[in-house]
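Written out below as structure tokens is the structure these notes cover.
The values are calculated or read from the model by the stated rules, or taken from the named source; none is laboratory data. These numbers were taken from a predicted model, which means no experiment stands behind them. Note that we place each Cβ from the backbone using ideal geometry, even for glycine, and neighbour counts take in every protein chain shown. Side chains included, ligands, DNA and RNA excluded: accessible areas come from the protein's heavy atoms. Shrake-Rupley method; radii C 1.70, N 1.55, O 1.52, S 1.80 Å.
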Amino acid sequence: MTSELRHRSVERWYRRLLRLYPRQYRERYQTELMQVFLARHQRISQKGLMGGLLFWLDAVRDVTWNALAVRLLSSSSRQPESPSGKADEKTAAGVLHDLRHALRILIKQPGFTAVVVLTLSLGIGATTALFSIIDGVLIAPLPYHESDQLVRIWEHDTKEGRVYGNLSPADYKDYQSQNSTLAAMGAFANRAATFRTPDELQRIPVQLVTVEVFDILGVPPMLGRTFRPDDLEFNDGNVVVLSNGFWRTQLGSDSSVIGSSVRLAGSEFEIIGVMPATFRPFSGDPQLWAPWSLVDDDRRPVHFVRSLARLRPGATVTEARTDLMTIARRLEADYPDINSGHLVTVEQLETAMVGEVRPALLMLLGAVGLVFLIACANLANLLLSRGVSRQQELAVRAALGAGRARLTRLLLTETLCLALLGGVVGFGLASVAVRVYVSVDPGTVPRLGNVQVDLSIFLFTLGLSVLSTLLFGLVPSLLASRLNIARVLYGGVRATASRKTQRLRQGLIVTQMALAMVLLLGAGLLARSFDRLMRVDLGFGTENLITGSVSLPGRRYQDPEDVVRFQQNLHAALRSAPGVIRSGTVTFLPLTGNSSTAWLNILGRPPWPDTPPEVNIINVSGDYFRTMGVRLLRGRLFDARDQRDAGRKTVINETMARLYWPEEDPIGQQIRLGPNPESEPWEIIGVVSDMRQFGLDSEPMGASFSASSQETWYSFRIVAQLDGQVDGPSILRDAVTRLDPELPVSDVMSMSDLVGDSVARPRLSLLLLTAFAVTALTIAAVGIYGVMAYSVAQRKHEIGVRLALGAQTNSVLASILRQGLFLAAVASAIGLAIGYPAAKTVEHLFFQVSPADPVILIGVLLLLFAVAAAASYLPALRAIRIDPVQALRAE
Amino acid sequence: MPGSSHDPHTLLPLTEVFYEVLVSLGDTARHGYGILKEIEERTAGRLVLRPGTLYRAIDRLLDLELIEESGIRPDPDQDDERRRYYQLTDFGRAVVGAEAQRLQNAVQSARAKQLMPERAK
């Protein structure tokens, strides 16, 4: 900016700042103030950015402070000329006067102020914290170019009921070439590769992507370039693009990495690009990307391709869905024996990334909103009773000429101060809470890295504070300002609440309790649901089991017998290690949701009418079944007889036996796995109990186990059973390293941690909802106590009379308790009326629990009544201690 | 409304800002920025007034009739028409004199009790 422009800009800004002064003052001194300011600004203009910033801060402080002083202390000596200026000044002076008065009152009553600010800050803080998470996760757009045009494509296998399945290479290429609604379509797959750091050997996540993928995302690299079609031709595909995180932690943010190489999985890869820090992966958490080509792969029955695409400009997701579905049906007709029942799923990328948590987050937002409302209701109650006790003071003001509008404004200003204070504290609490949560979240919520408590969140908090002022301040202020001056000042009448105020207070209490009941209902149902989830029979033991992943590189283990030998040596090493009872290996652990499947055909039976059913195929070695605590139901397990040349043997699970041999013994039966009718059949030698392969809430599928000695896989998980407190991870790593120092062990964890991870999300929802429900109940209880205490104080005289006339203390107690319980009864009815339909809408978040669960309903009702009774009890106790003589005398 | 017939002592003690502004006008009429600069130089940078504070003081001093707008202006070729010049009123002169006297008495008392720090040699 030229100095001329800068000068004018400075002038403009200072002129704006001067608007804080009263108009009349400005008319007198603005020119001079401007001159002096500019002269001073001239002097500091060489002080640099920091100096300039400090200068402006000082200027703002100077103007703000003095403008405030001028307004507050402006005496009548400076009579304004114009009538309109007068009203302007008066209002401005009046508002500031109210502000000073409000602050004085609040400081004089620290107890009241503290309670209000605390309650508000909890309500506002909780709402703000949750909103900032929702903002970052659900609302903020994805960090890609025009991210709403990005879609994910899956195969929808209607036979197996799998909506988000992988595509086959041939299908993928057909979709790519035959569609009319996509601008570009790419494919990716998530893999892992060994990488050696100075300390250890790791397996790091790598994402294979076809050339189109980075272009589809539209995010340019920070350094270098992304993939080109000729990368696979000329470079043998030995190039990589690094993630920003990998570049920072492993290569020290060296900006000259382009062209240098990195060693992965035993080969050298040239670094051609680095992605910026703002780039977030759309699937998994890859540290690097490598190029992928499906050009030579035309297989149709094998499914391992995942796809990302960009819509053509003007095309919608629905149109793309229809378009691809048409292609799917065409493929079904062209290849009936392979593609029958294989349709396609198309979803916006955003839905794919956060769709899973959206219902839970929104439910929590609803819950926290209820807590906020309950807090406001409580405060409205508090203010109503205060309004009543301040009638004397308000009457005096009214007598001195303050109109109703003026009084209302006075009370509202107090409320606004409280609300703003509550908002500031609440914002602070929210910032801390969010920061803590983001650092401890075990991956249950996606896109958490995007969450930040910033200016927009602060504005949200501010808005909430103002809203709460209106909600809990407006009506009490209006009611309090409506007084009969003469009655209050001269009538000698004790400050009492009008009938209308009392009704309103009771109405607020009932509302609070009803809302609290809704929250309790939700928490109760979730708790039951979670309990059921945890009781699900996993089918395997989780105590004292340690597991780790290895992947043997084909170059060094060329013969499958090498792998078998490795496994045998591993089991021997582990068994001899102190603290290890037994061990085994498996290709896919239960509960991980990973599996490989194959078509099942049973020899001696007529062929299936259309596509054969699928079963999980799992490969094991060593003492896997006993290590996992799986029971043998019939036949035998694998042993030394089951060698490569001895005829294929399989052990099946209970579900598979039940589904396909309901009336007969499966032992000795022969099955064929896979599409090839000439493949060697498997003989069933044993049946074991079920294990849950997918989540806790999904039914087990048929599974066929094979022995590693007969069919060998190179990547598998090791499981070892420990006999107490030993360092499982070290034992596991040592055993592997001693056999092969170049082989890293990854994902080492205990089985109970694995199970824990699979319930992390429902557990989190439960924890939060319970926290909200407890908070709500506490606030409501405090509210009830307040109302009941006030009511007792009002009726002191009447109670005193009753006691003096010989009424039993018990009957007084009973009448007060009855009052409280009556309110609770009304609240319960309303709470149920709202709660039941609400629970039905989120029914799918529960597991094996019906919203009308009688145990929960009765439990919640009892809790509510108990709380109402307890909250009424204390004031009731105080009531019967009233000295009748005192009560009668106080008039 | 305070008038020139008032006893100057009723306005004592003066705040530091009021005092320094009045003192700076002791020898000649000045405009706002001139007052600011003179004070800064005279106090060797100890007191640097901000425009807001300065003009609030000027406003109040005008109100109390301790200063007034001056008709005396410098040569036309050095003058800026927008600038307003201020000068002490007789009452103002009396007030600042009374304050200076008060301060001097205060210093003498402190000196008598040897409470003043030693003068630099």
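Which is touching a residue at least 40 places away in the same chain (Cβ under 8 Å), under 30 Å from residue A:246 (Cβ atoms), buried (at least 22 other Cβ atoms within 10 Å of the Cβ) and not hydrophobic (A, V, I, L, M, F, W, C), of A:293, A:307?
From the options A:293, A:307, the qualifying one is A:307.
Among the strands (runs of 3 or more DSSP E) confined wholly to segment A:595-651, which include 3 or more residues that are touching a residue at least 12 places away in the same chain (Cβ under 8 Å) and touching a helix residue (DSSP H, G or I) at 6+ places or on another chain (Cβ under 7 Å)?
A:614-622
Conditions: (1) open to solvent by 30 Å² or more (accessible area, probe 1.4 Å); (2) in contact with a Phe, Trp or Tyr (Cβ under 9 Å, 6 or more places away or on another chain); (3) outside any helix (DSSP H, G or I). Residue A:154 meets all but one. Number of the miss?
(1)
If a residue has to be open to solvent by 20 Å² or more (accessible area, probe 1.4 Å), within 14 Å of residue B:56 (Cα to Cα) and more than 10 Å from every other protein chain (Cβ to nearest Cβ) to count, how many in segment A:19-67 make the cut?
3
For segment A:188-199, check the following and say yes or no: at least one residue is modelled with pLDDT of 90 or more, of a type outside the set (S, T, N, Q) and not in a strand (DSSP E or B).
Within segment A:188-199 (the criterion being modelled with pLDDT of 90 or more, of a type outside the set (S, T, N, Q) and not in a strand (DSSP E or B)), the answer is no, since none of the residues qualifies.
Being more than 12 Å from chain B (Cβ to nearest Cβ), at pLDDT 85 or above and closer than 24 Å to residue B:86 by Cα: is that true of residue A:8 here?
In short, no.
Somewhere in segment A:240-250, is a residue open to solvent by 50 Å² or more (accessible area, probe 1.4 Å), within 30 Å of the chain's Cα centre (by Cα) and among the basic types (Lys, Arg)?
yes
Taking the condition of being open to solvent by 40 Å² or more (accessible area, probe 1.4 Å), touching a residue at least 40 places away in the same chain (Cβ under 8 Å) and closer than 12 Å to residue A:578 by Cα, how many residues in segment A:713-726 meet it?
3
Specify the residue that is farthest from residue A:105 (Cα to Cα); the eligible residues are those in segment A:377-419 that are charged (D, E, K, R) and free of Cβ contacts under 8 Å to residues at least 60 places away in the same chain.
This residue is A:397.
Which one of A:174, A:236 is in contact with a Leu (Cβ under 9 Å, 6 or more places away or on another chain) and of a type in the set (Asp, Glu)?
Being in contact with a Leu (Cβ under 9 Å, 6 or more places away or on another chain) and of a type in the set (Asp, Glu) holds for just one of A:174, A:236, which is A:174.
Go through (1) in a strand (DSSP E or B); (2) among the hydroxyl-bearing types (Ser, Thr, Tyr); (3) free of Cβ contacts under 8 Å to residues at least 40 places away in the same chain one by one and return the number of the condition residue A:177 breaks.
Of everything listed in (1) in a strand (DSSP E or B); (2) among the hydroxyl-bearing types (Ser, Thr, Tyr); (3) free of Cβ contacts under 8 Å to residues at least 40 places away in the same chain, residue A:177 misses just condition (1).
Considering only residues that are open to solvent by 100 Å² or more (accessible area, probe 1.4 Å), assigned to a helix (DSSP H, G or I) and either under 23 Å from residue B:33 (Cα atoms) or at pLDDT below 90 (or both), which ones fall in segment B:91-121?
B:93, the sole residue that qualifies.
So in segment A:191-210, with the set limited to residues that are out of contact with any Leu (no Cβ under 8 Å at 6 or more places or on another chain) and under 27 Å from residue A:344 (Cα atoms), which one is surrounded by the fewest Cβ atoms within 10 Å (Cβ to Cβ)?
My answer is A:208.
Taking segment B:52-68 as the search range and keeping residues that are more than 10 Å from every other protein chain (Cβ to nearest Cβ) and open to solvent by less than 40 Å² (accessible area, probe 1.4 Å), which one is nearest to residue B:83 (Cα to Cα)?
B:67
Within segment B:81-90, can you find the residues that are within 14 Å of another protein chain (Cβ to nearest Cβ) and either modelled with pLDDT of 75 or more or surrounded by 10 or more Cβ atoms within 10 Å (Cβ to Cβ) (or both)?
B:82, B:83, B:84, B:85, B:86
So, in segment B:18-51, how many residues would count as being of a type outside the set (Lys, Arg) and within 11 Å of chain A (Cβ to nearest Cβ)?
Going through segment B:18-51 one residue at a time, the tally reaches 10.
Which residues, taken from segment A:815-840, are open to solvent by less than 30 Å² (accessible area, probe 1.4 Å) and more than 30 Å from residue A:762 (Cα to Cα)?
A:815, A:816, A:820, A:823, A:824
Determine whether residue A:54 is hydrophobic (A, V, I, L, M, F, W, C), under 30 Å from residue A:782 (Cα atoms) and either at pLDDT below 80 or in a helix (DSSP H, G or I) (or both).
no
Identify, please: which residue in segment A:841-885 is surrounded by fewer than 16 Cβ atoms within 10 Å (Cβ to Cβ) and hydroxyl-bearing (Ser, Thr, Tyr) and is, among those, nearest to residue A:362 (Cα to Cα)?
Ranking the qualifying residues of segment A:841-885, first place goes to A:841.
So that you can scan it fast, the table gives a plain yes or no per residue for (1) free of Cβ contacts under 8 Å to residues at least 12 places away in the same chain; (2) in a loop (DSSP other than H, G, I, E, B); (3) open to solvent by less than 40 Å² (accessible area, probe 1.4 Å); (4) under 30 Å from residue A:670 (Cβ atoms):
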{"site": "A:511", "(1), (2), (3), (4)": "no, no, no, no"}
{"site": "A:526", "(1), (2), (3), (4)": "no, no, yes, no"}
{"site": "A:534", "(1), (2), (3), (4)": "no, no, no, no"}
{"site": "A:541", "(1), (2), (3), (4)": "no, yes, yes, no"}
{"site": "A:555", "(1), (2), (3), (4)": "no, yes, no, no"}
{"site": "A:565", "(1), (2), (3), (4)": "yes, no, no, yes"}
{"site": "A:590", "(1), (2), (3), (4)": "no, yes, yes, yes"}
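Test residue A:356 against the criterion of being over 30 Å from residue A:292 (Cα atoms), of a type in the set (Asp, Glu) and modelled with pLDDT under 80, and give yes or no.
no
At pLDDT 85 or above and on the phi < 0 side of the Ramachandran plot: does that describe residue A:866?
yes
Looking at segment A:782-814, which of its residues are open to solvent by 40 Å² or more (accessible area, probe 1.4 Å), among the small types (Gly, Ala, Ser) and more than 29 Å from residue A:512 (Cβ to Cβ)?
Scanning segment A:782-814 gives A:804, A:806.
Looking at segment A:158-174, can you tell me whether even one residue there is at pLDDT below 85 and of a type in the set (A, V, I, L, M)?
yes
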